[in-house]
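Report on the structure given below.
The values are calculated or read from the model by the stated rules, or taken from the named source; none is laboratory data. It should be emphasised that the depicted structure is a prediction, and the values quoted were computed from it without experimental measurement. Please note: Cβ atoms are built from the backbone with ideal geometry, for glycine as well, and neighbour counts cover all protein chains shown. What goes into the accessible areas is simple: the full protein's heavy atoms, side chains included, and nothing from ligands, DNA or RNA. Shrake-Rupley method; radii C 1.70, N 1.55, O 1.52, S 1.80 Å.
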Amino acid sequence: MNFIADRLKRIKPSMTVGINVKANALRAEGKDVLVLAAGEPDFDTPINIRKAASDAMEDGQTRYVPGKGTPALQKAIQSKFLKDNNLNYDLDEIIVGVGGKHIIYNAMMATINPNDEVIIPAPFWVSYPDIVLLAEGKPIVVKCPENQNFKITADQLENSITDKTKWLMLNSPSNPTGSLYSKKELKELAEVLLKYPQVLIMSDDIYEKIIYDNLEFNTLAAIEPKLKDRCLTLNGVSKAYCMTGWRLGYCGAPKEIIAAMNKIQSQSTTSTSSISMAAAVEAINGPQEFIKDHNDAFLRRRDLVVSLLNNIDGLSCLTPEGAFYVYPSCEGVIGKKTPDGNRISNDEEFMNYLLDSEGIAGVHGAAFGLSPYFRLSYATSDEILTDACKRIKRACEKLK
Ligand code: PMP
Ligand code: GLU
C-alpha cells in the first residue's frame with residue numbers, strides 16, 4: 001500500500017535541515033565531525049529575551065492568541081518596519097507565522113494557481129523551489145554566476161518574466177552566498193518590475209541585521225514605493241536574535257494577501273506559540289547592542305575563513321557582504337581522484353569526500369542550484385573554523 005499523497009512526489013526533503021541532522025547524529029555517535037552545515041547563529045538567545053518568555057509563562061500568557069500576532073507584537077513589528085525600513089504598514093498588513101519558512105509557505109499557498117511561475121535566482125535558499133512545487137507552482141530558476149556576485153541582473157529578470165509569472169524571490173543578504181543587493185541594483189530591478197503589474201515580489205530580508213563593512217541594507221518596497229502593494233517584506237527573529245528554535249517569522253504585505261495567509265493559518269497552525277510572541281516583542285523592542293557584538297565575531301570569522309580557503313589549491317572564495325555563510329568554488333578539484341581512486345565529478349561528491357575523509361559537514365552547491373560550489377556556515381568558533389580549513393586543505397592536497 002502507498003499511503004503517501006502524490007503531491008509529495010514533487011518535492012525532496014530540505015538538504016540544509018537533512019545534512020545538519022545527519023552530521024549532528026554522526027557526532028553524537030562519537031565521530032569526529034565538524035558541523036559547518038547549520039544555518040543558525042552559534043550564540044544563545046540573549047537573556048532579556050529568555051526572561052520575557054519566562055515572565056510571559058508566569059503571567060499566564062498560555063492561551064490561544066490571534067493568528068496574526070498579539071497586539072503587542074503587531075505594534076512592535078509595525079514600529080520596526082517604520083524605524084528600520086521606512087515602511088509604513090497598517091496592522092492588517094502584518095502577519096506573524098511559525099518562522100520565516102512558514103510565512104513563505106503560506107504566501108505561496110495563498111497566491112499560486114497551478115503552473116504559475118516563480119522566478120528564483122540561483123544560488124537560492126534550498127526551500128524556495130520545493131515550497132513553490134508544493135503549492136503547484138513552477139519554479140523558474142535563473143542562474144546568477146559568480147562574476148555578477150551571484151545576483152540577478154535587470155536583463156536576466158526581464159528575460160525571465162512571462163504572463164504566467166506570479167512571484168520573484170529576492171533574498172538579500174543571501175543564503176547561501178552572503179551577497180547584498182545595492183540600492184542601485186534594486187532600483188534597476190524595480191524599473192523592470194514596474195512594467196509587469198502581474199508580478200509579486202518576495203523580499204526575504206531575514207539576514208537584514210547581519211551585514212559587514214558598513215554596507216547599507218535596502219529593501220525593495222522602500223526603494224520603490226510604487227511596488228509596495230506588490231511586495232511581501234519578510235523578516236523574523238531567527239537570525240538577528242538567535243531564536244531559530246522559537247519559530248517566529250513575520251511579514252508586511254498587501255492586506256488581501258495577509259488575510260488569505262491568515263485564513264490558511266486559521267485552519268492549520270492557528271498561530272505560533274504565545275510564549276514565542278512575548279519573547280519576540282522583547283527582541284524587537286529591547287536592547288539591540290548585542291547584534292553589533294555578534295556581527296564583530298561573524299566578521300572576524302568571515303575574514304579568517306575566506307583567507308584560509310583562498311589558500312587552498314583548487315578552491316576560491318568571494319568575500320560575502322552579509323549573513324554567515326561562504327560559498328566557495330570547488331571547480332579546481334572537479335575531475336581529480338581521491339586516494340581511494342574515486343573521481344570527484346561534482347560538488348556533492350566533493351562534500352561526501354570531505355565528510356568521509358576529514359569529518360567536514362557542509363552543503364553542496366547543487367542543493368542551492370549553482371555548481372560547482374559548496375556552502376560552509378562560519379557561525380561557529382574560530383578554533384573549529386581553523387581546524388576545519390586545515391582539514392579541507394589536507395583533503396584537497398590528497399587529490400590527484
Ligand atoms: N529565508 C532564508 C534565506 C533563510 O536562510 C532562512 C533560514 N532557514 C529562512 C528564510 C527561514 O528562517 P526561519 O524559518 O527560521 O524564520
Ligand atoms: N536557513 C538555515 C539553512 O539554510 C536553516 C535550515 C533551514 O531551515 O533550511 O541552513
For Gly178, state whether it is buried (at least 20 other Cβ atoms within 10 Å of the Cβ), within 16 Å of ligand 2 (Cβ to nearest atom) and not hydroxyl-bearing (Ser, Thr, Tyr).
yes
Contact list, first residue from segment 186-212 and part of a helix (DSSP H, G or I), second anywhere and of a type in the set (Lys, Arg), beta-carbon distance below 9 Å, six or more apart or interchain, is Ala190/Lys226; Leu193/Arg230
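Matching residues to (1) surrounded by fewer than 22 Cβ atoms within 10 Å (Cβ to Cβ); (2) within 16 Å of ligand 1 (Cβ to nearest atom); (3) within 20 Å of the chain's Cα centre (by Cα):
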{"site": "Asp229", "(1), (2), (3)": "yes, no, no"}
{"site": "Ser238", "(1), (2), (3)": "no, yes, yes"}
{"site": "Trp246", "(1), (2), (3)": "no, yes, yes"}
{"site": "Gln265", "(1), (2), (3)": "no, yes, no"}
{"site": "Ala280", "(1), (2), (3)": "no, yes, yes"}
{"site": "Phe290", "(1), (2), (3)": "yes, no, no"}
{"site": "Leu299", "(1), (2), (3)": "yes, no, yes"}
{"site": "Leu308", "(1), (2), (3)": "yes, no, no"}
{"site": "Leu315", "(1), (2), (3)": "no, no, no"}
If you go through Leu82, Leu73, Leu87, Leu91, the only one that is touching a helix residue (DSSP H, G or I) at 6+ places or on another chain (Cβ under 6 Å) and either open to solvent by 70 Å² or more (accessible area, probe 1.4 Å) or over 24 Å from Ile223 (Cα atoms) (or both) is Leu73
The lone condition Asp55 fails out of (1) part of a helix (DSSP H, G or I); (2) exposed (fewer than 15 other Cβ atoms within 10 Å of the Cβ); (3) free of Cβ contacts under 8 Å to residues at least 12 places away in the same chain is (3)
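Does Ile210 fit the bill of being at pLDDT 95 or above, in contact with a strand residue (DSSP E or B) (Cβ under 9 Å, 6 or more places away or on another chain) and either farther than 22 Å from Asp92 by Cα or open to solvent by 40 Å² or more (accessible area, probe 1.4 Å) (or both)?
Judged against the criteria, Ile210 is a match.
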Counting only residues in segment 119-168 that are among the β-branched types (Val, Ile, Thr) and more than 27 Å from Glu321 (Cα to Cα), the one surrounded by the most Cβ atoms within 10 Å (Cβ to Cβ) is identified as Val132
